[in-house]
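What follows is a single structure, written as structure tokens, with notes after it.
A short reminder: the numbers here are calculations on the coordinates, not readings from a lab. Since the model is a prediction, treat every value here as computed from it, not as a measurement. Here Cβ is always computed from backbone atoms with ideal geometry, including for glycine, and neighbour counts include all displayed protein chains.
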């Protein structure tokens, strides 16, 4: 059992990871601006309301934490296409030194297929659409990944492909070899399964696995 902080816990992968971590017996602190509205009741769950860009909120959330799962997301809106996206890099600039100060060493961070050196694996037509719709967000995820790589934390950067609302299957592939990286689909439940498995597994430390079926 570990004491786990999940950042971005109110929806999407973060919320699914909360459920999975509780099912695996971990003590979970669910951190989000709307944490008080998380509809889960469990004796091992603590709901922690705060802003991932606020250093005091993050420092408070890290008290007595062993492992952090960073699963921030942004809603699809015109700002992702027309305006700058800074959430991923700015929150990581807050999180990394706060973890170092708190003595929390393991960071499991969700970015996505198309971040960092995986962008080169997008096909021509995929790449055009990706750049138009998600380019600004993923440019910021590139910065996020670099900040994590340069830290002295025990990190795993997880790059899921296109997300679905399917159920947990456990039949996903974890692709570390760049030659095998490819796009596809995966359920949020299976991404959460992998994230929670990394709380105790050291196989992928310092790696950037792509998750797909």
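Some observations on this one:
- In this simple spin-label approximation, residue 171 and residue 53 carry label points 7 Å from Cα along the Cα→Cβ vector, and these lie 4.2 nm apart.
- Antiparallel %, DSSP beta bridges [both residues in the chain], to 5: 10 percent
- Rounded to 10°, Cα long-axis angle of helix 12-23 versus longest principal axis of the chain: 50 degrees
- Residue 180 versus residue 37: modelled label distance in nm, points set 7 Å from Cα along the beta carbon direction: 4.1 nm
- Acute angle (nearest 10 degrees) that the helix 188-197 long axis makes with the longest principal axis of the chain, alpha-carbon atoms: 60 degrees
- Normalised contact order of segment 3-212, rounded percent, pairs of Cα under 8 Å and 6 or more residues apart: 21 percent
- Estimated inter-spin distance, residue 11 and residue 151, nm [label 7 Å along Cα→Cβ]: 2.4 nm
- Within the chain, helix-based [θ] at 222 nm, where runs of 4 or more DSSP H residues each add -39,500 (n - 2.57), nearest 500: -11500 deg cm²/dmol
- The residue 74 and residue 200 beta-carbon pair, evaluated with R₀ = 22 Å, returns a calculated FRET efficiency of approximately 0.15.
- With Cα atoms, 0 to 90° folded angle of helix 87-102 axis to the chain main axis: 40 degrees
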